[in-house]
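The values are calculated or read from the model by the stated rules, or taken from the named source; none is laboratory data. Here the structure is a predicted model, which is why all the values come from computation and not from measurement. Reconstructed Cβ throughout: ideal geometry from the backbone, glycine too, with neighbour counts over all protein chains shown. We work out accessible area using only protein heavy atoms, side chains counted, and drop any ligands, DNA or RNA first. Shrake-Rupley method; radii C 1.70, N 1.55, O 1.52, S 1.80 Å.
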Amino acid sequence: MARNVTFHDKLREQGIFKHRLVVAFLGVLALVGVLLLRMYHLQIVQYSTYETISDRNRIQIEPIAPTRGLILDRNGTILADNNPTFSVSIIKELVPNLSQTIADIRELIPLNDNDVQRFEKRLQQRRRPLTPIALRLNLTEEEIAILSVRAYDLPGVIIEANLVRHYPQPELLSHTIGYVGRINEAELKQVDANNYGATEYIGKTGIEKFYEDRLHGTVGFQKVETDARGRTTRVLEKIDPTGGENLHLFLDLPTQQAALKAMNGRRGAVVAIEPDTGGVLAFLSTPGFNSNLFVTGIDHKSYNDLQNDRWRPLFNRALQGQYPPGSTVKPMVGLAGLDGGFIDWNYSIWDPGWYKINGDGRFFRDWKKWGHGFVTLDTAIVQSCDTYFYELAHRMGVDRLHDFLSPFGFGHRTGIDMAGEVSGVLPSTEWKRRTRKERWYPGESLNFGIGQGYMLSTPLQLAVATAIIANHGTIIEPRMVEKISTKDTGIRPLEHAPLQHIKLRDPEQWRRMIASMRNVVMTKKGTAYGAVGRRLTEYDMAGKTGTAQVVNIKQGETYQASKLKEWHRDHAWFMGFAPTDHPRIAVAVLVENGGHGGTDAGPVAKQVIDAWFESDARSRSVTPEEQDASPATEALSTSQRMHTPPTGTEVAIH
Amino acid sequence: MNRSDYLRQLPPNELAARRNSFLQTIHIDGFLLMMLLILMGGGLIVLYSASSASIDTVIRQALRMGLGLLVMCVAAQIPATTYRRWSLPLYGFGVLLLIATLIFGSHAKGAQRWLDIPGLGRFQPSEIMKLLVPLSVAAIFATRSLPPRWSSLLMSTGIILVPTLLIAKQPDLGTALLIASSGFITMFLAGLDWRILVTLAGSSVPAGWLLWELLHDYQRQRILTFLNPESDPWGTGWNIMQSKTAIGSGGFDGKGWLNGTQSHLDFLPESSTDFIIAALAEEFGFTGVCLLLLVYLIILIRGGYIALQAGNNGDRLIAGTLTLTFFVYIFVNIGMVSGILPVVGVPLPMVSYGGTSVVTLLASFGILMSIHTHRQLLN
């Protein structure tokens, strides 16, 4: 009986399924019918309409690239602008035989393998139909003429006018402004591909990269009707692109130039900051390079030469170079001792020329072999006595030092508006456990106290710390860009984060420490007197010298014996600000393998400060009316003019 | 009765099956295989043209098809009972992968659909759910009598809804709807009460409104664009207008192979992937489209025949669902390219360039073949 029921159910179930499947297949047939009807409608009924659209008039949507914003210094001098250049481009779809055409062009104008390779690479990338692809850029007038004459038998070859980024001061500002370069596939994925539909360049480093969003602008579109040969017959609709925003830097070009001149071919970095605002007045890393080379695509040989150059011109020392800060940390270590109650200004120690931890056999030597004798904090700063700070650091321990130094900007990014900043190292017991899986040894605190050992600082970080001391503890965030402007909105300042302060138990200590730092420069016993202070007549300066030991050569690098000596030489540091009572500029200077901080780095700082005071006075003496006619407005009108020519203006020839 | 009399009494199909005894022993359905090969061969010919005569593309796709055929052969060896036994555990694993995708998945174009497996590369867990959801629903019904009771209906609804919502959250609305529909097809074939179907249809209006509220902006934009392509001539609307132009300008007999202007001048977006039917329609015209639909229809009918021949509920449901889901992909893709459905990013089965879809589809045909070749002749 039970078996019978199952059998019955099975039949019934099969019946249900068969029924449902038939219904479903009727549905399938109906839907196939719908598709066929739709196709019939499109292909048979509306055939002539679509045939017309497809064959005679091809309506295309072409993106129009926006004009990249300019970069100007604080006086309105243009540091990065857009130059019209002419290039010969190929519309692949209109060329009967691509390799033959390229060969023909090669007979007319110089064309190297790089150009062709770059062209072929671009050809592989996704693009809109009938987009011209540049084959060679920067045509001379003669080349334009030659190509125009032969235009009749070169279909699909056009000459385009494009705006190309140009840096009037490439070597001076290569590490400051950075550069743009041809946009690559990976970068296209990072940005809104629609907005970059016509854009050829993107910021690769520095300010150009950091402010890419603002500099780029918004793409425009035009809907055009083209004939079967791809020629535009009519523009149906147009949405103009919106140019990028112009960036007005804090940077003062004369000060920057003075820094380069003062470095006099040596390797290193100079960063000058306005303590009130955090605005960066000068930002230099030497050696620099010609950033214009990178814009249209640097060739392999030049790039390899730069890459393999032993002095590493591509390396941004000011932003990414990490060096032991040496004795320049002493004023801050001293403040830490004062604030923590470990010392006061009367506290003194006997310096025999070395310091020894109980039970540890190691001698920690002072730079002065026979010692400084009795030393107070003031003497220790002015003469840069190591023993004093060995003793202080030993008593304070690493973590107190770490916590006090951290707000000065060490061990973390300062937050400057440039791409690629590194954080340096501010050691602590926790840091050592995390990175080295080792406990902290007391001897290491001693090295920390004089800015050696694990601690590493970038020149930018030291400049920020200098500005914070000059500010009596007001923490600044270094800024490159002061204001932005567009054609429509005019100049408006950029928002900045509110300032914070380092609070000392006794704020008077700031003044007293600055007085000691003034003594470093302005009194005969100071380490910077001979090279800097003796020559100062118009203002006074506070500062601190430093020497960073180059402990070892990096692994895997071999140097010729004659050069070895130079690489072993110490890095020279100087940090300083002026005038001491109301500082208007704070500077940090690093000279790689420079030798001595006072004599080698100090004069650079002095020349930079001189240049800034001179330049500042000059721009202050200009009346407001005159300022209106200054290059700032001129530059703006240039940028407006630049908005007008659409990119891809076809000059010739079909 | 001698042996030849016995043969004479068998229906012609059975006769063919007997002759193909080699294919029979390796559990391959010769007829289905032949139709699939015709479809894939034609697909490669269209792809060659749609990819601007890129032989590399064709070779890459052919290799993927080869891989897919291998997967199909393997899938055909496994008896259908094994699929039923493993579908629910695998389904659970698939749901875990979907959750992992939402948490750890990598972002691409504003959605989180891919899961990176160190050493294995990345894949889309939603793709395997396309197979696992119908298999699981069928497995639920297989052990119960039909038409389904409320308990099994509730259970299968849950099985459908969990992955659907997880995938919709990625967000990948197109795949979510496809998976939901494949599960629904199984329920329909199992004999879902007509009254419930009518109620569902009635409640679709408020449900649609609710869904609209839950949609992401870009998804709403797509639907609005679909309703009025002119409203967004720069973006998605442009794609549809271009694909309609390509199809329409093909006319009755097409512009000829390699002569399509729309696809070759790059007017047609995604001409070798989702929009490949437009390239076909442009070059081979209405005749080409009819031929393609005919091949598809033959495959569907063979699938339906296999479903009817199957010996038990589970096999029937799986075979029926896989066949009808195959049609859903065809309909959604052609519908979207020709502008009667919104653009949801579904490839044209066996023809569009891309590996995942081909391999999954061939795997499902492998399961169909397994159902057909493993059944007991008498039940």
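With every atom except the alpha carbons ignored, what do you get for Rg and Dmax of segment B:43-85, in angstroms?
15.3, 46
Taking each residue in B:295-307, count the Cβ atoms of any other chain within 10 Å of its Cβ, then average. What number comes out?
For peptide B:295-307, the averaged partner shielding equals 2.
Considering only the other residues whose Cβ falls under 13 Å of the Cβ of A:Met480, what net charge follows from Lys and Arg at +1 and Asp and Glu at -1?
Counting the neighbours of A:Met480, the net charge comes to -3.
Within 10 Å of each Cβ of A:87-94, how many other protein chain Cβ atoms are there on average?
1
For the protein assembly as shown, give the percent of accessible area contributed by carbon and sulfur heavy atoms, probe 1.4 Å, rounded to a whole number.
It is 57 percent, rounded to a whole number.
Which of the peptides B:241-254, B:329-342, A:10-23 is most tightly packed, and how do the rest follow, judged by the mean count of other Cβ atoms within 10 Å per residue?
B:241-254, B:329-342, A:10-23
Quick one: which of B:199-211, A:244-256 comes out on top by average Cβ neighbours within 10 Å, and what's the full order, highest first?
Top of the packing list down: A:244-256, B:199-211.
Give a residue-ordered list of calculated ³J(HN,Hα) values for segment B:29-45 (Karplus: 6.51 cos²θ - 1.76 cosθ + 1.60, θ = phi - 60°; whole Hz; x for Gly, Pro).
8, x, 5, 4, 4, 4, 5, 5, 5, 4, 4, 5, x, x, x, 5, 5
Computed on protein heavy atoms with a 1.4 Å probe, what is the summed buried accessible area for the chain pair A and B, in Å² to the nearest 100?
Heavy-atom accessible area buried at this interface is about 4600 Å².
Which whole number gives the average count of other chain Cβ atoms within 10 Å of the Cβ atoms across peptide A:25-38?
For this peptide, the per-residue mean of nearby foreign Cβ atoms is 5.
Could you sort A:Arg434, A:Arg310 by accessible area so the largest value comes first, with the probe set to 1.4 Å?
A:Arg434, A:Arg310
Can you compute log10 of I(q)/I(0) for chain A with the Debye formula, treating each Cα as one identical point scatterer, at q = 0.12 Å⁻¹?
Evaluating at q = 0.12 Å⁻¹ gives log10 I(q)/I(0) of -1.21.
Report, ordered by chain and residue number, the lysines lying within cross-link reach of B:Lys255, taken as a straight Cα distance under 21 Å and ignoring same-chain residues fewer than 8 apart.
Leaving aside lysines fewer than 8 places away in the same chain, those within reach of B:Lys255 are B:Lys244.
In nm, give the distance between the simple-model label positions of A:Glu171 and A:Asn358, each being 7 Å from the Cα along the Cα-to-Cβ direction.
In this crude label model, A:Glu171 to A:Asn358 measures out at 5.9 nm.
If the cut-off is a Cα-Cα distance under 15 Å, which aspartates and glutamates reach A:Lys432, setting aside same-chain residues fewer than 8 apart in sequence?
A:Asp399, A:Asp403, A:Glu444
Here is the link list: A:Lys209/A:Lys606; A:Lys10/B:Lys130; A:Lys483/A:Lys503; A:Lys121/A:Lys301; A:Lys368/A:Lys544. Which ones come out longer than 21 Å on Cα distance?
Where the Cα-Cα span goes over 21 Å, the pairs concerned are A:Lys209/A:Lys606; A:Lys10/B:Lys130; A:Lys483/A:Lys503.
Can you list the HN-Hα couplings for segment B:247-252, worked out from phi with the Karplus curve (6.51, -1.76, 1.60; θ = phi - 60°), rounded to whole Hz and with x for Gly and Pro?
3J(HN,Hα) across segment B:247-252, in whole Hz: 5, x, 6, x, x, 6.
Packing-wise, with mean Cβ within 10 Å as the measure, how do A:388-394, A:196-202 rank, highest first?
Peptide ranking by packing, descending: A:388-394, A:196-202.
What area, in nm² and to one decimal, does the C-alpha convex hull of segment A:253-621 cast on average over all directions?
For the Cα atoms of segment A:253-621, the hull's average projected area reads 21.5 nm².
Would you kindly calculate the mean projected area, averaged across all directions, of the convex hull enclosing the Cα atoms of segment B:93-195, in square nanometres?
Averaged projected area of segment B:93-195's Cα convex hull equals 7.0 nm².
Where nothing but the Cβ of Lys and Arg (+1) and of Asp and Glu (-1) is charged, how large is the charge dipole of chain A around its Cα centre, in debye to the nearest 20?
For this selection, approximately 2160 debye.
Could you order A:Trp345, A:Trp311 so the one with the most accessible surface comes first? Probe is 1.4 Å.
A:Trp311, A:Trp345
Which far-off residues, 5 or more places away or on another chain, put their amide H under 5 Å from the one on A:Leu281, with H placed in the peptide plane?
Residues meeting the criterion, in which the H sits 1.01 Å from N, are A:Ala272, A:Ile273, A:Glu274.
In Å and from the alpha-carbon atoms only, list the Rg and Dmax of segment A:298-371.
Rg, Dmax (Cα atoms, Å): 21.7, 63.
Hey, what do the phi angles of segment A:527-543 turn into as Karplus ³J(HN,Hα) couplings, whole Hz, using 6.51/-1.76/1.60 and θ = phi - 60°, x for Gly and Pro?
Whole-Hz 3J(HN,Hα) from phi for segment A:527-543: 5, 10, 5, x, 8, 10, x, 4, 9, 7, 10, 9, 8, 10, 9, 10, x.
Using amide H atoms built 1.01 Å from N in the peptide plane, name the residues 5+ places from A:Glu245, or on other chains, whose amide H lies under 5 Å from its own.
A:Gly69, A:Leu215, A:His216, A:Gly217
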